[in-house]
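Please treat every number below as a calculation from the coordinates, not as lab data. All figures in this text were calculated on a predicted structure; none of them were measured in a lab. When we count neighbours, we look across all protein chains shown, and the Cβ atoms used for this are built from the backbone with ideal geometry, even at glycine.
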Amino acid sequence: MVDYKKPLPAIHEETRPFWEKAKKHELWLQKCRDCGKFRFYPRSICPNCFSYNTEWSRVSGRGKIYSFTVSNRPPLQAFQKDVPYCLALVDLEEGVRMMTNIVECQWEDLKIDMPVEVVFEDVTPLISLPKFRPTPVI
Amino acid sequence: MGTLTKKAAIVGVAESDCGIVPDKSQMELIAQATSRALNDAGLKKSDIDGLCCSGIFGLATMEVGEYLNIQPRFTDATHAGGASFEMHVQHAAAAIAAGICHTVLICYAATTYSDRKRGVFLTALNEPTSSMAQFEMPYGGWLTGSYALAAQRHMYQYGTTSEQLAEIAVATRKWASLNPLAMMRTPITIADVIHSPMICSPLHLLDCCLVTDAGGAIIVTSAERARNLRHPPAWILGCGESHSHMGISSMPDLTCTSAKISGEAAFKMAGLTAKDIDVAELYDCFTITVLLQLEDLGFCRKGEGGFFVTGQTTAPGGKFPMNTNGGGLSFTHSGMYGIFLLIEAVRQLRGTCGERQVPGARVVLCNGIGVALSSSSTVILGRD
């Protein structure tokens, strides 16, 4: 993990709670106490109603794939060993969208609207990246 | 007549050396394009009193002003990726109409191809400090990936196919084969496109633009001055601009770009509709980019872009001449292609495009798109 060469989030005060919870393998989002909307990425003001009245809330980690691509040509050499990897946008149940990687999946099985759930990948002692895998059918 | 209609015109255009230019810096290419554009207009550097420029990571007008020894009364470094230069046209026309200045230089260059060969890395990619970047870059998100996400979603919602996207690349290559300056001139087929290596599914290599070195410059001046120059004026009839997000994960709908807003504004100002456009110069960093613009600008309905381009509609001799210089897909693309849309549009209006001239071109629409489908700006130009 010390040799991790891929870009890491340069955490600042607005985003620190998100990454601290991710380190504990929990997905937390900001929610506006005035208009009730969740938002992502974290920011101190609500982009919907411009209120500063905010709470953090642990969320289910369930969502659906909004779109995906299997990438053979990464932006940086550090991703070369991951090729091909799946870059995706996931719509969470709470109504926000985040970029992620889909893991634990055969690429030919990928479908838009496929239900997925969060898993965490510990990439450094400080950072765990939320990624998503297909929700197991029970 | 809209607010800025025919208040200003583009009177000089030029590109710098384009393609692989390892021996020249960004500033040298800007200077070269500028001096050629001034010569094209029949103007002197001392006539310039306004300056707009942008580069891949922004570009200080102060730096360009210093290098070229220009001290402007109006200066604008609006940076919205490849859409920056159509925005500069609107800002220049507004500044001229307001009497702030008379003659504006809009310029750009980048040595993207040679920088890669020289091992100049995009260090910004390694340091995702912005909130947006820190939630995208760690996953290997990047521009091609962003456009691929949009293409996948468009296919899912509307049944668009890889063959339909390939139609755009094939038609654009046909235009490039008529442009002596184009880097890629060998004809290609739909099969060539869909059998070229997959870069980011569903985008193949030939769905993606070139990476070259290139610069360009255009000169915008007042209506009064434009009438007495070397070439007939390319009148600015309408303009519009907008942006909706920066990172693709914040794009509200991956199948709808802000070209809807910029296009509507430009058509309204010009008092024209999509039916009035003789030639379209649309930003083609990827084939999907073109498809979305055709829909968002109203050349066809949302979701019908794939049908629209089928059968080589946009090729030479087709009913919708588009990207007549060979575009970013086959002519040149140094990272921010928007200025080349304007250069080609002006030449089409002048009737000086040789083999690729569209007969009777009187109204040309240019639409820039920037970053991750983030921004759009539209300029409609016309001749007397």
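Odds and ends about this structure:
- Each of the GluC sites (Glu not before Pro) that DSSP puts in a loop and that has at most 13 other Cβ atoms within 10 Å breaks chain A; the longest unbroken stretch is A:14-92.
- Least to most buried among B:Phe135, A:Phe38 (fewest other Cβ within 10 Å first): A:Phe38, B:Phe135
- In segment A:70-138, chymotrypsin sites (Phe, Trp or Tyr not before Pro) in a DSSP loop with at most 15 other beta-carbon atoms within 10 Å: none
- Segment B:1-153 - Debye-derived log10 I(q)/I(0), Cα point model, q = 0.14, 0.21 Å⁻¹: -0.82, -1.32
- Compared with the rule-of-thumb size 2.2 N^0.38 Å for a compact globular protein, the protein assembly as shown has a Cα radius of gyration ratio of 0.98.
- Computed over chain A, relative contact order equals 23 percent, with contacts defined as Cα pairs under 8 Å that lie 6+ residues apart.
- When the protein assembly as shown is described by a simple charge dipole with +1 on each Lys and Arg Cβ and -1 on each Asp and Glu Cβ, the residue from B:Gly335, A:Pro75, B:Leu297 located farthest towards its positive end is B:Leu297.
- Size of segment B:117-241 as Cα extents on the principal axes (Å, biggest first): 55, 42, 38
- Positive minus negative residues near A:Gln80 (Lys, Arg vs Asp, Glu; Cβ under 15 Å): +2
- Label-to-label distance for B:Arg116 and A:Asn53 is 5.2 nm, based on points extended 7 Å past Cα in the beta-carbon direction.
- Counting neighbouring beta carbons within 10 Å and listing from fewest to most, the residues B:Arg356, B:Arg73 come out as B:Arg73, B:Arg356.
- For chain A, size of Cβ-based charge dipole, Lys and Arg +1, Asp and Glu -1, in debye: 240
- According to the Cα-based calculation, Rg over Rh for segment B:296-357 is 0.99, with Rh computed by the Kirkwood formula.
- Links that overshoot a 19 Å alpha carbon limit, given the list B:Lys24/B:Lys44; A:Lys111/A:Lys131; B:Lys7/B:Lys268; B:Lys268/B:Lys319; B:Lys275/B:Lys302: B:Lys24/B:Lys44; B:Lys268/B:Lys319
- The alpha-carbon atoms of chain B, seen along their principal axes, cover 52, 46, 37 angstrom, with the largest extent given first.
- Per-residue Cβ neighbour counts within 10 Å put B:Trp175, A:Trp19, A:Trp56 in the sequence A:Trp56, A:Trp19, B:Trp175, beginning with the fewest.
- Net charge dipole size for segment B:27-85 [Lys, Arg +1 and Asp, Glu -1 on Cβ; Debye, nearest 20]: 100
- Remark: relative contact order (chain B) = 27 percent; criterion is Cα-Cα distance under 8 angstrom and separation of 6 or more residues.
- Cys residues of chain A counted as unpaired, since no other Cys beta-carbon is under 4.7 Å: A:Cys86, A:Cys105
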